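These notes are about the structure you will find just below.
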2 protein chains.
Amino acid sequence: MALYTSMTQTQLNEELQSVLAHYNRCKQQNLKLNLSRGKPSKMQLDISKDILTALSDDAECFDGAIDARNYGELAGLPCARRYWAEILDCKPEQTFVGGSASLNLMFDVIARAYSHGLLHSPRPWCREETVKFLCPSPGYDRHFRITEFFGAQLITVPMTAEGPDMDMVECLVQDPCVKGIWCVPKYSNPDGIIYSNAVIARFANLKPAAPDFTIMWDNAYCIHEFDGEYVQIPDLIELCRQAGNPDMVFEFASTSKITYAGAGFSVMASSEANIDYLTKLFGVQTISYDKINQLRHVRYLKDKATTLEHMKKHAQIMAPKFAVVADALEMQLGPCGFARWNRPKGGYFISLFTMPGTAKRAIELCKEAGVEMTPAGATYPYGKDPDDSNLRIAPSLPPVEELEKAMDVFCTSLKLAALEKLLSV
Amino acid sequence: MALYTSMTQTQLNEELQSVLAHYNRCKQQNLKLNLSRGKPSKMQLDISKDILTALSDDAECFDGAIDARNYGELAGLPCARRYWAEILDCKPEQTFVGGSASLNLMFDVIARAYSHGLLHSPRPWCREETVKFLCPSPGYDRHFRITEFFGAQLITVPMTAEGPDMDMVECLVQDPCVKGIWCVPKYSNPDGIIYSNAVIARFANLKPAAPDFTIMWDNAYCIHEFDGEYVQIPDLIELCRQAGNPDMVFEFASTSKITYAGAGFSVMASSEANIDYLTKLFGVQTISYDKINQLRHVRYLKDKATTLEHMKKHAQIMAPKFAVVADALEMQLGPCGFARWNRPKGGYFISLFTMPGTAKRAIELCKEAGVEMTPAGATYPYGKDPDDSNLRIAPSLPPVEELEKAMDVFCTSLKLAALEKLLSV
């Protein structure tokens, strides 16, 4: 095997025959595997068994004098706010603890910006001629979809090894129509990188033209290392305050990948002024979130130190899976020279750039061979990757044996798509 | 004691002295009681203790092949949809099982109507010149607030003993700006009446001018009898289908007053077309709701028969409290002749009409004597009762002894306010 781009036509044809033969053998296995979404595996879910009985008696359902079984405490139980404040390195008053999905909190922030405006909005976003939103890409399709849903123009900002291209961000925020940006600062989805301190400082010091410019700081993988020790990143809420932009950032996190996916508890953190403002607005939609589940989680996860210990159990399951992926890519694609990828130390994804113009075709080939991947393009605004090159690999769900088979199909499909392309030129 | 309205000035003055003396004795008790909201009491919350351990092991977390601990099943676990379909007398495909608050489902329906429109909307409601919403009153302040929040004009429709004044409703829906109506068909908040079959049939057969006219059918107290057996009301979803209005109604319910307030699970029921449409829209805001809590509830409450048995335990706690209120009103206010009220057989509230122009003052007097009541006016759109007459009593929270004291303060305050009014004329 050699670099595809240095092969002669004859060599390419020989390689095609060999890859095709292997692809057909893959197909004969009648696989039905799914690497499409960042779902935890059964083994990971089993880790948290004891949370089911963390509250087992009436007397345990109290946070001080507050009965978690009754209405009240819209911004969350005090113990739940303290818990998240410690995890996110902010103050309890800066937190709003919600229901089972941080995505819903993000949606609700954008939805209220649309219908009513945020704290510094001159008017609701639905009354603006044009709203633009910055989407560092590759990024998370569900983020992009929320702002698309509310009619915003999505603007692609390239990702670098340190985070979004801040030169471009600083330039774009001079447009008053640019109302915000989506970010996953730790183990970004899908690149798996950690934003550098320099990038984070530049975020805090942005001078946007829009008074209600909002950084949607989805710290989804805030404690989700699987390789090495916990990495602390700067608290953007505090940095924004120091930079004179106190209300510019909303941070989000949840326990979906700590305890149970979609059945954990979530948090939004921001300036006290933002939390007060949104608590009033959120009070129209609900009396209070599920405090029993908040309390159950706090009793089980206790504090940051205990939670970090808990995360090591996830790491033990995740690390070998990421190794399978990285090894397969290295072995099978490395010598061919047409693809590049990251090797993250945390989070849920590996981002891979294959030969431009072949990503869609590769995913199609995967599907034909029984392996479901995240659709090509999903990591870009409107699901359209201009280069048709980026792919997201989500190794968490399948067991290692299945993952090995799936990666064989994946690498073979990428090679096949690349060869088809090279031979069709 | 006699009818206040037939008293002479001298008699009124004597009565005032006597009532005032009693009021001052009340004040000296330094009470701190709250009858303002329909919160369950601690005794009621204690009933559901066993739900805390209804799921205590990994193996129990499955609904068939579906792992409730992972993402998926946006419209709810199949067993949860079956559970609610039986309770509400509809089909599982007509249900969407959500998170811990039905209020949030109602809010999300109106919010999506505002931002995107409902299934038959010509355009999103935010693009309409005027949106009007019918508010049968006295009614539930949190309902009214949702439509007010999204800029709708709230139109008061009087309540009768059988439900909203349907002559007026039928007339008002001829206005294409009228987009919907709020209803609590069983043990209405606060009147405590059950809509008659005739009223329900007239709802199904409405011919509204707006193609997206929506009945918000909040069946909050669908199985919440405390006096007598379970009362079945007609299934409006089916009646609407038969009347050629298949997509005109959204029904809502939750277990907030069955298990834990704000920590139960909720449901929205409607035509399959509506459920499909909204499931797509709700898919932008969340991947799935808390299925662990859905499963926990289904395991604990099992089915309709078991749930109705469970509700009898609530009834045993609620019935004596409603009796305390009814007896106090009868004894203390009955002879004075200036107030009228309902004696409901289910639900959470008693609605009382006092002497016009005195409700606000009465609530003020209650507060001064340490008894917090629902604010006067809260049961009308914009919190403004044109007659300043209706008051809502929520007897569920305090223990019987406290309730007796609170009702003494309440009746005394009503009398005092009425006397002040009569003497100031």
Exercise. Can you give the charge dipole size of the range A:260-346 about its Cα centre, rounded to the nearest 20 debye, using +1 on the beta carbon of Lys and Arg and -1 on the beta carbon of Asp and Glu?
Worked result: 220 debye
Seminar exercise, completed: If each K or R counts +1 and each D or E counts -1, the residues other than B:LEU12 whose Cβ falls under 15 Å of its Cβ total -1
Exercise. Which of the DSSP-defined H helices in chain B satisfy a minimum axial length of 27 Å, computed from C-alpha atoms, and a minimum mean Kyte-Doolittle hydropathy of 1.6?
Worked result: none
For this session: Report, ordered by chain and residue number, the aspartates and glutamates lying within cross-link reach of A:LYS360, taken as a straight Cα distance under 20 Å and ignoring same-chain residues fewer than 8 apart.
Result: A:ASP141, A:ASP191, A:GLU368, A:GLU372, A:ASP385, A:ASP387, A:ASP388, A:ASP408, A:GLU420
Seminar exercise, completed: Expressed in angstrom and rounded, the centroid-to-centroid distance over alpha carbons for the range A:150-220 and the range B:1-16 is 73 Å
Problem set entry | Reduced Cα scattering model of the range A:280-425, Debye log10 I(q)/I(0), q = 0.11, 0.16, 0.18, 0.19 Å⁻¹ | -0.56, -0.87, -0.99, -1.06
Exercise. Hey, in the GNM for chain B with a 10 angstrom Cα cutoff, which one of B:GLY357, B:GLY98, B:GLY163 fluctuates hardest?
Worked result: B:GLY357
For this session: One decimal, nm, shortest first: give the distances between the label point of A:SER6 and those of the same position in the other copies, each label point 7 Å from Cα along Cα→Cβ.
Result: 11.3
Problem set entry | Members of B:LYS179/B:LYS302; A:LYS302/B:LYS302; A:LYS42/A:LYS312; A:LYS49/A:LYS280 lying beyond 27 Å, as alpha-carbon distances in this model show | B:LYS179/B:LYS302; A:LYS302/B:LYS302; A:LYS49/A:LYS280
For this session: Using Cα pairs closer than 8 Å and at least 6 residues apart in sequence, work out the relative contact order for the range B:303-356, in percent.
Result: 22 percent
Exercise. Charges only on Cβ, +1 for Lys and Arg, -1 for Asp and Glu: so what's the dipole of the range A:200-281 about the Cα centre, in debye to the nearest 20?
Worked result: 220 debye
Problem set entry | Cα-based convex hull, the range A:116-204, per residue volume (Å³, whole number) | 97 Å³
For this session: Would you work out which of A:GLN285, A:PRO234, A:THR358 lies farthest towards the positive end of the dipole of chain A, given +1 charges on the beta-carbon of Lys and Arg and -1 on that of Asp and Glu, about the Cα centre?
Result: A:THR358
For this session: Ignore the peptide's own chain and count Cβ atoms of other chains within 10 Å of each Cβ in B:263-270; give me the average, rounded.
Result: 2
Exercise. Over the alpha carbons of the range B:151-266, what is the largest minus smallest coordinate on each principal axis, giving the biggest first in Å?
Worked result: 40, 29, 28
Exercise. Relative to the other copies, what are the label-point distances for A:SER196, with labels 7 Å from Cα along the C-beta vector, expressed in nm at one decimal and sorted shortest first?
Worked result: 7.7
Exercise. When the Kirkwood hydrodynamic radius is evaluated over all pairs of different C-alpha atoms of the range A:94-138, what value in angstrom, to one decimal, is obtained?
Worked result: 12.1 Å
Problem set entry | Rounded percent of accessible protein surface that carbon and sulfur make up, the range A:83-185, 1.4 Å probe | 47 percent
Problem set entry | Euclidean distance of C-alpha centroids, the range B:42-98 and the range B:360-409, integer Å | 36 Å
Problem set entry | Distance in nm between pseudo-label sites at A:GLU404 and A:TYR230 (7 Å out along the Cβ direction from Cα) | 3.5 nm
For this session: Taking 7 Å along the Cα-to-C-beta vector as the label spot, tell me the A:LEU308-B:ASN30 distance in nanometres, rounded to one decimal.
Result: 4.8 nm
Seminar exercise, completed: Shape call for chain A, from the Cα gyration tensor axes a ≥ b ≥ c (a/c under 1.5 means rounded, otherwise prolate when a/b beats b/c, else oblate), comes out oblate
For this session: Give me the Kirkwood hydrodynamic radius of the range B:30-99, using the inverse of the mean 1/r over all pairs of distinct Cα atoms, in Å to one decimal.
Result: 15.3 Å
Exercise. Within straight cross-link reach of B:LYS313, meaning Cα distance under 18 Å, which aspartates and glutamates are found once same-chain residues fewer than 8 apart are removed?
Worked result: A:ASP58, B:ASP46, B:ASP50, B:GLU225, B:ASP227, B:GLU229, B:ASP303
For this session: Would you calculate the volume per residue, in Å³, of the smallest convex hull containing every Cα atom of the range B:61-165?
Result: 150 Å³
For this session: Give the shape of the range A:8-131 as rounded, prolate or oblate, defined through the alpha-carbon gyration tensor: a ≥ b ≥ c are the square roots of its eigenvalues, a/c under 1.5 means rounded, and otherwise the shape is prolate if a/b is larger than b/c and oblate if not.
Result: oblate
Problem set entry | Computed over the protein assembly as shown, the ratio Rg/Rh where both radii use C-alpha atoms and Rh is Kirkwood | 1.03
For this session: Would you work out what percent of the accessible area of the range B:349-425, with all protein chains in place, is carbon or sulfur (probe 1.4 Å)?
Result: 54 percent
For this session: In square nanometres and to one decimal, what's the mean projected area of the convex hull around the Cα atoms of the range B:124-169?
Result: 3.6 nm²
Problem set entry | Net charge, B:LEU33 excluded, C-beta distance under 11 Å - Lys, Arg +1, Asp, Glu -1 | -2
For this session: Find out how many positive minus negative residues lie around A:GLY370, taking Lys and Arg as positive, Asp and Glu as negative, among other residues whose Cβ is under 12 Å from that of A:GLY370.
Result: 0
Exercise. Hey, any idea what Rg/Rh is for the range A:371-425, computing Rh the Kirkwood way over Cα pairs?
Worked result: 1.03
For this session: Specify whether the C-alpha gyration tensor of the range B:198-342 places it in the rounded, prolate or oblate class, a ≥ b ≥ c being the square roots of the eigenvalues: rounded for a/c under 1.5, otherwise prolate if a/b is larger than b/c and oblate if not.
Result: oblate
For this session: For the range B:304-387, build the convex hull from the C-alpha positions and give me its volume per residue in Å³.
Result: 124 Å³
Exercise. For chain B, what is the mean residue ellipticity at 222 nm derived from helices alone (per DSSP H run of n ≥ 4: -39500 (n - 2.57); sum divided by total residues; nearest 500 deg cm²/dmol)?
Worked result: -12000 deg cm²/dmol
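The values are calculated or read from the model by the stated rules, or taken from the named source; none is laboratory data. Please read all numbers here as calculations on a predicted model, not as lab measurements. Cβ sites come from the backbone with ideal geometry, for glycine too, and all protein chains shown count toward neighbours. Side chains are part of the model used for accessible areas, which takes the heavy atoms of the whole protein and leaves out ligands, DNA and RNA. Shrake-Rupley method; radii C 1.70, N 1.55, O 1.52, S 1.80 Å.
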